[in-house]
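The values are calculated or read from the model by the stated rules, or taken from the named source; none is laboratory data. If you're wondering where the values come from, they're calculated on a predicted model, not measured in any experiment. Cβ coordinates were reconstructed from backbone atoms using ideal geometry, including for glycine residues, and neighbour counts include every protein chain displayed.
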Amino acid sequence: MLRIFHDTHYDFIRWWKVAVGLTVVFIVLGLGDLALTGVNKSIEFTGGTLKQLQFKTPVDASVIRSTMDNAGFRDAEIQQFGSPRDFTLRVSGQQSVAEQAKGAELVSKQVDSVLAARFPNNVSVLRTEAIGPRVGSELTRNAIIAVLLSFVMTLLYLAFRFEWRFGLAAVIATGHDVLTTLAFVKLLHLEISLTVVAGLLTVLGYSLNDTIIIFDRVREDLRKGRKESLYDTLNRAINETLPRSILTHTTAALATIALLIFAGEVIRPFSWVMLFGIVTGTFSSIYIAGPVLLWIEHKYPREAKVTKSEWTASSTATPTSQTRRSPATATR
């Protein structure tokens with residue numbers, strides 16, 4: 001049986017300062033853009049009508065926009081994707097949403113009539129979504145409840161599964177994944193839709209699973225009573241789980257890339273979020289959860305007192321040159 005990256009001894013934790021600096025810059029850029037321009041919500045949350053159009057001959061987006069303006073839909077958003085013949089048309093202004101409340105298909109039928117009159121025998125409607133304002137508000141509320149419940153269940157699981165030092169480090173790493181994913185969604189200008197929310201919830205579980213596997217191996221190594229620092233133990237655990245991580249992340253990434261390329265416009269935002277989630281989940285399990293656990297052990301040592309010099313040495317030195325200390329055995 002082929003074993004990839006077996007019996008490695010890489011010093012992953014050594015680069016935690018550089019890694020944290022890069023992720024802080026990324027989060028600041030994304031959340032700063034979010035604060036300045038706001039959230040780009042899909043019609044599932046705002047209400048309105050969305051149509052995916054395909055023309056037989058290429059059409060300029062300005063022609064479609066002027067057609068909708070002349071018909072009274074001045075709030076229409078036209079976006080080209082794929083070939084010059086493919087467009088998405090979104091009507092979600094206050095007036096259009098108010099009319100949508102009179103009937104889910106009212107605005108949709110009006111838009112179809114306008115397009116058929118302006119582009120006879122030249123346009124096909126591949127997909128239509130019509131969401132009323134009441135449904136949009138219900139979906140918004142349900143999405144918020146789903147995200148909050150996932151956080152609560154995650155906290156309860158960690159409180160039951162781990163001693164509090166490990167649990168707190170895992171929670172902070174999970175929070176990092178939420179922030180980086182939101183920053184990624186904003187920087188990529190993805191709409192916040194139900195599929196994106198589903199992708200975010202999936203990323204939370206995926207990232208937490210990777211952190212738990214590494215921390216479980218840390219606890220097993222601690223129980224063996226080796227005369228080594230927690231810094232060395234963390235590096236050992238990451239290297240011991242590296243073959244499993246490479247295989248699972250690679251197969252998940254390949255499946256996600258296939259969805260990204262072939263699944264179509266509806267699934268593409270979910271695929272982007274999942275692909276980024278695989279990257280940020282792996283990153284946080286190594287460079288966020290591990291250093292945070294080291295800091296907690298330094299701040300709140302169990303039995304042996306950890307001095308500032310020991311923490312500095314464990315953060316900068318290589319495994320062969322750092323000060324050795326025997327960590328206390330993890331509970332549970």
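Here are a few things to note about the model shown:
- Of all residue pairs spaced 6 or more apart or on separate chains, those with beta-carbon atoms under 6 Å, a first member in region 263-287 that is over 16 Å from residue 180 (Cβ atoms) and a second member that is surrounded by fewer than 19 Cβ atoms within 10 Å (Cβ to Cβ) are 267/259; 271/259; 271/260.
- Hey, residue 279 modelled with pLDDT of 50 or more, more than 20 Å from residue 229 (Cβ to Cβ) and in contact with a Gly (Cβ under 6 Å, 6 or more places away or on another chain) or not: no
- The criterion of being touching a residue at least 40 places away in the same chain (Cβ under 8 Å), part of a loop (DSSP other than H, G, I, E, B) and in the same structural domain as residue 118 (by TED's automatic domain parsing) holds for residue 57.
- Residue satisfying condition, being among the hydrophobic types (A, V, I, L, M, F, W, C), under 11 Å from the mean Cα position of the chain (by Cα) and either modelled with pLDDT of 85 or more or on the phi < 0 side of the Ramachandran plot (or both), within set 260, 254, 201, 242: 201
- All conditions in (1) polar (S, T, N, Q); (2) modelled with pLDDT under 80; (3) under 22 Å from residue 33 (Cα atoms) hold for residue 181, with the sole exception of (2).
- Of the candidates 163, 220, 191, the single residue that is within 30 Å of residue 57 (Cβ to Cβ), surrounded by fewer than 22 Cβ atoms within 10 Å (Cβ to Cβ), in the same structural domain as residue 292 (by TED's automatic domain parsing) and among the acidic types (Asp, Glu) is 191.
- Residue 206 vs. criteria under 30 Å from residue 266 (Cβ atoms) and assigned by TED's automatic domain parsing to the domain that holds residue 292: yes
- Subset of region 238-265 (residues that are touching a helix residue (DSSP H, G or I) at 6+ places or on another chain (Cβ under 9 Å) and over 20 Å from residue 278 (Cβ atoms)): 240
- Test result for residue 245, in the same structural domain as residue 191 (by TED's automatic domain parsing), of a type in the set (S, T, N, Q) and closer than 26 Å to residue 185 by Cα: yes
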